[in-house]
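A short worksheet on the structure shown next.
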Amino acid sequence: MLKPKGILPAMITPLTKEGKFNDKVLEKLINYMISGGVHGIFAMGTTAEFYAVNHDIYREILSAAKEYTNGRVPVYAGANSITTKGAMELVEIASDVGVDAISVLTPMFISPNDEELFEHYRVIAESTDKPILLYNNTPKTGVNLAPGLVERLADIPNIVGIKDSKGDFTQISSYIQKTEDKEFNVLVGRDTLIYANLCQGGAGAVAACANVAPRLCADIYDHYQKGNRNKALECQNRLNPLRLAFGMGTFPAVIKEALTMLGIDAGPCFLPILPLHDDQKASLRKILEGMELL
């Protein structure tokens with residue numbers, strides 16, 4: 001069964017000026033990221049604005065991602081819903097498209113306890129033979145996957161890992177320690193923590209910055225795996241200003257603007273998210289120039 005590892009770009013959904021899915025730009029973006037050395041493609045997650053598309057568009061985007069990746073790297077798909085039934089409907093679509101693994105975010109808006117979360121993931125996992133990646137993003141959902149719960153979920157055969165975007169490194173370390181004897185990998189969703197996660201025994205990252213700087217993100221992982229920790233840390237430090245710039249706009253506006261500056265016309269975000277102001281664009285351009293991306 002697939003073991004999630006390496007740098008998996010949390011891919012944006014490119015849009016036309018009219019707010020429609022831009023198939024041709026997705027192809028260009030996927031080729032850019034794969035040529036930059038990423039180890040997988042992660043479609044329809046938070047960075048992709050999953051909350052803004054219906055099931056038909058969801059299928060269209062995943063089908064395009066699968067086609068344009070063309071077997072070069074694994075394709076991961078987010079299947080995120082408030083209810084277990086809603087997530088299972090997306091899992092069925094993703095499985096039908098033929099993705100390699102599926103990520104499931106915790107429910108949003110409601111506040112399930114640990115037993116309810118366990119049942120949520122157990123039922124979803126048992127509905128498919130696809131590898132399942134847990135997704136913890138407490139700042140966005142208000143729900144946290146506690147280390148003890150993750151330890152229990154890791155015993156379900158096709159739950160193969162977790163993406164953590166909470167950014168609490170004490171908790172991330174606990175995930176790693178509690179699952180070290182299981183077939184289970186821990187990835188971070190905070191791009192400033194890629195190197196730290198590897199040092200602690202983690203397996204990589206689902207990195208939004210890898211849309212913009214795929215080679216630099218992949219180099220953190222690749223240099224680390226080759227034993228060159230100093231070079232890996234150097235790459236991490238070069239990447240950090242881009243991740244820290246995300247707060248200049250409402251997520252994922254900074255990523256889309258940066259891609260447009262690089263010649264990949266990512267288009268706008270779904271409303272109500274607005275483009276960056278001119279002064280923000282100027283600041284972002286300086287960051288990209290400092291990273292030698294422009």
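The values are calculated or read from the model by the stated rules, or taken from the named source; none is laboratory data. Owing to the predicted nature of the structure, the values given are computational and were not obtained by experimental measurement. Quick reminder, even Gly has a Cβ in these numbers, built from the backbone with ideal geometry, and neighbours come from all protein chains shown.
Numbers below:
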{"item": "Single unsatisfied condition, E257 versus (1) surrounded by 21 or more Cβ atoms within 10 Å (Cβ to Cβ); (2) in contact with a Phe, Trp or Tyr (Cβ under 8 Å, 6 or more places away or on another chain); (3) over 25 Å from A101 (Cβ atoms)", "result": "(2)"}
{"item": "K85 being within 18 Å of K24 (Cα to Cα) and surrounded by fewer than 23 Cβ atoms within 10 Å (Cβ to Cβ)", "result": "no"}
{"item": "Residue among V123, V91 that is at pLDDT 95 or above, touching a Ser or Thr at 6+ places or on another chain (Cβ under 6 Å), assigned to a helix (DSSP H, G or I) and closer than 23 Å to H39 by Cα", "result": "V91"}
{"item": "Selection status of I273, outside any helix (DSSP H, G or I), under 13 Å from L288 (Cβ atoms) and among the aliphatic types (A, V, I, L, M)", "result": "no"}
{"item": "Among residues of the range 10-39, those that are touching a Leu at 6+ places or on another chain (Cβ under 9 Å) and not hydrophobic (A, V, I, L, M, F, W, C), counted", "result": "7"}
{"item": "Output for the range 49-78, where each listed residue is surrounded by 17 or more Cβ atoms within 10 Å (Cβ to Cβ), assigned to a loop (DSSP other than H, G, I, E, B) and either touching a Lys or Arg at 6+ places or on another chain (Cβ under 6 Å) or free of Cβ contacts under 8 Å to residues at least 40 places away in the same chain (or both)", "result": "V73"}
{"item": "Residue check for I124: free of Cβ contacts under 8 Å to residues at least 60 places away in the same chain and surrounded by 18 or more Cβ atoms within 10 Å (Cβ to Cβ)", "result": "yes"}
{"item": "Residue match in the range 270-292 (condition: under 30 Å from N54 (Cβ atoms) and buried (at least 23 other Cβ atoms within 10 Å of the Cβ))", "result": "no"}
{"item": "The range 126-141: number of residues that are part of a loop (DSSP other than H, G, I, E, B) and farther than 19 Å from Y175 by Cβ", "result": "4"}
{"item": "Selected residue (criterion: farthest from the chain's Cα centre (by Cα)) from residues of the range 94-116 that are of a type in the set (A, V, I, L, M, F, W, C) and either on the phi > 0 side of the Ramachandran plot or not in a helix (DSSP H, G or I) (or both)", "result": "I110"}
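Residue-by-condition table, conditions (1) surrounded by fewer than 19 Cβ atoms within 10 Å (Cβ to Cβ); (2) in contact (Cβ under 8 Å) with a residue 12 or more places away in the chain; (3) farther than 19 Å from I255 by Cα; (4) over 15 Å from the mean Cα position of the chain (by Cα):
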{"residue": "G148", "(1), (2), (3), (4)": "yes, yes, yes, yes"}
{"residue": "V160", "(1), (2), (3), (4)": "no, yes, yes, yes"}
{"residue": "K163", "(1), (2), (3), (4)": "no, yes, yes, no"}
{"residue": "F169", "(1), (2), (3), (4)": "yes, yes, yes, yes"}
{"residue": "E180", "(1), (2), (3), (4)": "yes, yes, yes, yes"}
{"residue": "F184", "(1), (2), (3), (4)": "no, yes, yes, yes"}
{"residue": "D191", "(1), (2), (3), (4)": "no, yes, no, no"}
{"residue": "V206", "(1), (2), (3), (4)": "no, yes, no, no"}
{"residue": "P214", "(1), (2), (3), (4)": "no, yes, no, no"}
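This table checks each residue for (1) in contact with a Leu (Cβ under 7 Å, 6 or more places away or on another chain); (2) on the phi > 0 side of the Ramachandran plot; (3) modelled with pLDDT under 95; (4) not charged (D, E, K, R).
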| site | (1), (2), (3), (4) |
| --- | --- |
| E234 | no, no, no, no |
| N240 | no, no, no, yes |
| A245 | yes, no, no, yes |
| G249 | yes, no, no, yes |
| P252 | no, no, no, yes |
| T260 | no, no, no, yes |
| G267 | yes, yes, no, yes |
| H277 | no, no, no, yes |
